[in-house]
């Protein structure tokens with residue numbers, strides 16, 4: 001039996017919606033070019049991660065319960081930020097413990113993927129081109145690396161990316177200092193952590209640093225901008241101009 005096209009729903013996330021709408025648009029165009037049928041469930045809000053991290057589990061559970069029916073019929077859910085993907089995959093099932101809701105949360109967990117995971121593990125796509133060129137390096141966001149245990153998928157794409165040279169970032173697995181509300185509550189510590197990250201980026205000679213989390217992008221973009229640096233912080237999706245094969 002011939003299988004139909006793969007379907008995916010985009011979960012845009014708060015920072016994506018407010019600060020990086022172009023990333024969401026690029027993801028939609030990219031997935032459509034790969035033959036994926038993309039939809040965008042209306043009524044999306046925050047995934048509940050800021051509430052959860054601040055100890056408001058009851059309120060985070062209410063957000064999870066509101067989110068579950070929005071993506072109930074999604075074949076796959078694609079998320080541009082590893083932190084929000086982690087929240088849905090790892091915390092939703094524990095937040096909603098009633099029978100039917102728990103089963104719905106577990107099912108959504110299995111169908112949810114961060115973008116690079118979806119491209120590599122679901123679609124089997126690893127060969128891409130870029131129009132940006134130059135030398136690129138990669139920062140591991142904390143939730144994607146430690147929460148989802150994912151470091152291979154983005155690197156698989158970047159190492160094979162035609163039109164750019166990939167170089168490893170010293171201390172790539174070290175936090176950039178964002179940490180959600182951490183950067184607001186402890187700005188001096190956050191800035192110190194960021195300065196170390198920016199020095200590591202400078203040492204690579206890269207023209208852009210790639211991340212798969214909007215929070216990390218915002219943190220590094222801010223630091224690079226204050227320095228007057230020509231290095232760009234970009235989302236993985238912004239590099240992928242078209243699929244090669």
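The values are calculated or read from the model by the stated rules, or taken from the named source; none is laboratory data. Since the model is a prediction, treat every value here as computed from it, not as a measurement. Reconstructed Cβ throughout: ideal geometry from the backbone, glycine too, with neighbour counts over all protein chains shown.
Mind checking which residues of the range 197-221 are touching a residue at least 24 places away in the same chain (Cβ under 8 Å), part of a helix (DSSP H, G or I) and surrounded by 15 or more Cβ atoms within 10 Å (Cβ to Cβ)?
Within the range 197-221, 197, 198, 200, 201, 204, 214, 215, 216, 217, 218, 219, 220 meet the criteria.
Quick one: which of 159, 146, 155 is in a helix (DSSP H, G or I), surrounded by fewer than 15 Cβ atoms within 10 Å (Cβ to Cβ) and either free of Cβ contacts under 8 Å to residues at least 12 places away in the same chain or within 16 Å of the chain's Cα centre (by Cα) (or both)?
So the residue among 159, 146, 155 that is in a helix (DSSP H, G or I), surrounded by fewer than 15 Cβ atoms within 10 Å (Cβ to Cβ) and either free of Cβ contacts under 8 Å to residues at least 12 places away in the same chain or within 16 Å of the chain's Cα centre (by Cα) (or both) is 159.
Identify, please: which residue in the range 125-143 is within 18 Å of the chain's Cα centre (by Cα) and in a loop (DSSP other than H, G, I, E, B) and is, among those, nearest to residue 79 (Cα to Cα)?
In this case the residue turns out to be 141.
Residue 36 - would you say it is surrounded by fewer than 18 Cβ atoms within 10 Å (Cβ to Cβ), closer than 27 Å to residue 154 by Cβ and in contact (Cβ under 8 Å) with a residue 12 or more places away in the chain?
no
Checking the structure you have, find out if any residue of the range 115-122 is touching a helix residue (DSSP H, G or I) at 6+ places or on another chain (Cβ under 6 Å), farther than 24 Å from residue 215 by Cα, part of a helix (DSSP H, G or I) and touching a residue at least 12 places away in the same chain (Cβ under 8 Å).
no
Take residue 209 and decide whether it is outside the structural domain of residue 116 (by TED's automatic domain parsing) and in contact with a helix residue (DSSP H, G or I) (Cβ under 6 Å, 6 or more places away or on another chain).
So residue 209 passes the test.
State whether one or more residues within the range 12-29 are in contact with a helix residue (DSSP H, G or I) (Cβ under 7 Å, 6 or more places away or on another chain), surrounded by 15 or more Cβ atoms within 10 Å (Cβ to Cβ), in the same structural domain as residue 109 (by TED's automatic domain parsing) and under 19 Å from residue 109 (Cα atoms).
yes
Being at pLDDT 95 or above and surrounded by 15 or more Cβ atoms within 10 Å (Cβ to Cβ) narrows it down to one residue among 41, 69, 50; which is it?
41
On the given criteria, is residue 103 assigned to a helix (DSSP H, G or I), more than 17 Å from the chain's Cα centre (by Cα), in the same structural domain as residue 12 (by TED's automatic domain parsing) and surrounded by fewer than 19 Cβ atoms within 10 Å (Cβ to Cβ)?
yes
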